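The next block holds one structure in the form of structure tokens; read it before the comments.
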Amino acid sequence: MTTPLNKSSGSHRLAAIWFADIVGFTRLAAENEPLALRLVQTLQAAATTAVEGHEGKIVKFTGDGVLAEFASARGGALGGMQLLLRFQQLTEDWPEGPHEIRLGMHLGDVTVAADGDIYGDGVNRAARLEGLAEPGRLLVSEDVYRQLRSRPDLVLTDLGSRSVKGYDDPLQVYDAEPTRELARTLLREAATPEAPVEVTRPRRSVRPIAVGLTVGILSFVTLALWTALGTPSSDTLPISQDREGADSTPTSDTPPVSPVAVEAEPTPTLDPGAYELLRRGRDQLSLGTPRSMATAAELFTQSIELAPDYAPAHLALAEAQIGLGKSGARRLGEVLPLAKGHLEDAIRHDADLAEAHAALASLLGTFEWDWEGAEREFERALEISPSPRIHRAFSELLSARGRHDEALAQVAMALLDEPGAVANLKARGLALFRARSYAPARVALAEALRLDPADELVRVHLARAQGILGERQQARITLEGSDQANRSPYLQVWRAYFRPATRGAAQGRGNRPATRGAAQARGNQLARTLRETFDPSEARNPDAPYNLAALQLVLGDQAGAAQSLQRALRTPSPSLIWLATDPIWDPVRSEPEFERIVRRIDAGQRMP
């Protein structure tokens, strides 16, 4: 029975909300359409039973996903657990079965639209939690945890805080699962005569899902492959702990039941200290300062010492090393071999760690120009886990290679899973910009900037698209809308570029001033801005030579730009992969020296 809920348009209410979707559906839809359709039908039937049986209602089905709301956190949690268990049970004997879903749940305020849809921060948080969940798991927010922590039939595991796109503060995340007795009850309630109930104690996931790449390796002038990997899935704790840290590992009388199939082999034991060191290291890494990244690297090293086969720690250490190289705290040429070694170790210890394959792919493409190797690793990562963040990262590689249709196809796959995600809109806008499709790029980038006004990479590229389309005044408004205290050299120079050089000076279309005098005045103004904003510390950034070359070209200094590009080749500068596709280089594409550099990158020939 569905609890009556206020359906008036524009009304507000407190509700428990969860999102659920089928794991690996994008790949299945491409490879086996009948199976994919059958999975969607099964999800919708099982979700309807689980939701309506626990005082909730289905808000909408979104292809392979479902949004539901409940009058209470208890009802939402029980309905979500029943759906996880039932879906796995129904698909256990199917091809590639059992199939799984992931689910995220939050308790918060929602607004009701005229069509009955709901939106607001509560819905957004539930969606973010769903994106963090491992296959077959239910993740809940701290607000839900407070409502459920006293229930003896639930096992709640504190997974720590997670940084989430669109939120300044990390979200506290908890894993929720039923005891064996409660799982039996939930499956019995959902079962039909055609599907008898059989409950065995399945394992937790043997390996934790590794941390993603939360610290970018490139300066904000470019969207590099690493940053496209975005926010990771959450790790599974080796033991269950409540918020106060007391041991709450289930007793033999009330063992937890996870909706994951049983394996014959024993589950390996992870040293709890290794996980705790990884967690502390991730917290340090998220701060993004050279000191915090150095501390993180030490903690990850200690984690590996306790558990040499712990693949997530190897992946995290590679990330920290790259971060130290990017910041200038360590020479990038020194840390790259170390980072590559740890990524290879992560894959050796866990060949199914999709994030490690994707990270290795990004390193091979960005730094070694090993295009075939990078594409091979991306394809392997997508075979394991066709997640939106890996689709976005692969799109970046394809975009850098000038394979724009393929790049946009990868973004489209990400959009199928997360239609309104700002990261997907950003990736689409940048891919369109590099493909010279400026009008649609402007639309996508404008929407991405609306959702995340702090993203200066999107702001600059939106302004550039507007300028190329002849909308210089709108480009100035776009750039001036950013924080005026921001001293990023790239942002400051583009601001100066789009400001009128002199009162009443006529403006031309795109990047071309209308008169010779206006061009000279603007060039002088930009030169002053460049001198004022490039401080000596910027030289530690491995992308500084590339940035400087791009800005010199904006100023009309082609000779200076060529010299800076030679420095970028020796650094090595990660952003060099964009030479072939960034429109900023169009004025010099036919120059022999420029063509030689592009051929060197295409052939993977690094400077000795």
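The values are calculated or read from the model by the stated rules, or taken from the named source; none is laboratory data. As the structure is a prediction and not an experimental result, all values here were calculated from the model. Virtual Cβ from ideal backbone geometry, glycine too; neighbours counted across all protein chains shown.
When V51 is tested against (1) among the aliphatic types (A, V, I, L, M); (2) in contact (Cβ under 8 Å) with a residue 60 or more places away in the chain; (3) over 21 Å from P388 (Cβ atoms), just one condition goes unmet, and that condition is (2).
Reported count of residues in the range 281-300, each being surrounded by 18 or more Cβ atoms within 10 Å (Cβ to Cβ) and of a type outside the set (A, V, I, L, M), is 6. Among the residues of the range 135-144, those that are in a helix (DSSP H, G or I) and surrounded by fewer than 22 Cβ atoms within 10 Å (Cβ to Cβ) comprise E142, D143.
Residue-by-condition table, conditions (1) among the basic types (K, R); (2) modelled with pLDDT of 90 or more:
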| residue | (1), (2) |
| --- | --- |
| L315 | no, yes |
| K326 | yes, no |
| R331 | yes, no |
| K340 | yes, yes |
| E344 | no, yes |
| G373 | no, yes |
| R376 | yes, yes |
| S387 | no, no |
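Answer yes if at least one residue in the range 363-373 is in contact (Cβ under 8 Å) with a residue 60 or more places away in the chain, over 27 Å from S437 (Cβ atoms) and charged (D, E, K, R), and no otherwise. Checked against the condition, which is being in contact (Cβ under 8 Å) with a residue 60 or more places away in the chain, over 27 Å from S437 (Cβ atoms) and charged (D, E, K, R), the range 363-373 yields at least one hit. Whenever a residue of the range 436-455 is under 21 Å from G470 (Cβ atoms), its partners that are not in a helix (DSSP H, G or I), lying with C-beta atoms within less than 9 angstrom and at least six residues away or across chains, give the pairs Y438/L469; A439/L469; A441/A435; R442/L469; R442/E471; L449/D455; L449/G481. Residue count for the range 112-134 satisfying the condition of being modelled with pLDDT of 85 or more and in a loop (DSSP other than H, G, I, E, B): 2.
The set of residues from the range 88-109 being in contact (Cβ under 8 Å) with a residue 60 or more places away in the chain and in contact with a Ser or Thr (Cβ under 9 Å, 6 or more places away or on another chain) comprises L90, P98, H99, E100, R102, G104, M105, H106, L107, G108.
The single condition among (1) among the aliphatic types (A, V, I, L, M); (2) buried (at least 16 other Cβ atoms within 10 Å of the Cβ); (3) more than 20 Å from S327 (Cβ to Cβ) that A559 does not meet is (2). Within the set S437, S399, S395, S385, the sole residue that is within 27 Å of L343 (Cα to Cα) and surrounded by fewer than 24 Cβ atoms within 10 Å (Cβ to Cβ) turns out to be S385. Exactly one residue out of G160, G166 is within 22 Å of the chain's Cα centre (by Cα), outside any helix (DSSP H, G or I) and crowded, with 17+ Cβ neighbours inside 10 Å, and it is G160. Filtering the range 570-582 to residues that are surrounded by fewer than 19 Cβ atoms within 10 Å (Cβ to Cβ) and outside any loop (DSSP other than H, G, I, E, B) leaves only R570.
In the range 388-420, how many are part of a loop (DSSP other than H, G, I, E, B) and either within 21 Å of I601 (Cβ to Cβ) or touching a residue at least 60 places away in the same chain (Cβ under 8 Å) (or both)? It would help to see each step written out before you state the result.
Taking the range 388-420 as the starting set, the residues that turn out to be part of a loop (DSSP other than H, G, I, E, B) are 401-403, 418-420.
After this cut, where a residue has to be either within 21 Å of I601 (Cβ to Cβ) or touching a residue at least 60 places away in the same chain (Cβ under 8 Å) (or both) as well, the list is 401-403, 418-419.
Number satisfying all stated conditions: 5.
Would you mind finding the one in P308, P290, P337 that is under 24 Å from I384 (Cβ atoms) and over 21 Å from the mean Cα position of the chain (by Cα)?
Working: P290 fails: under 24 Å from I384 (Cβ atoms); P337 fails: under 24 Å from I384 (Cβ atoms).
After ruling out the rest, the residue left standing is P308.
Please enumerate the residues belonging to the range 74-106 that are more than 18 Å from T48 (Cβ to Cβ) and surrounded by fewer than 24 Cβ atoms within 10 Å (Cβ to Cβ). Within the range 74-106, R74, E92, D93, W94, P95, E96, G97, P98, E100, R102 qualify. The set of residues from the range 461-473 being in contact (Cβ under 8 Å) with a residue 40 or more places away in the chain and either buried (at least 19 other Cβ atoms within 10 Å of the Cβ) or touching a helix residue (DSSP H, G or I) at 6+ places or on another chain (Cβ under 7 Å) (or both) comprises R464, G467, I468, L469.
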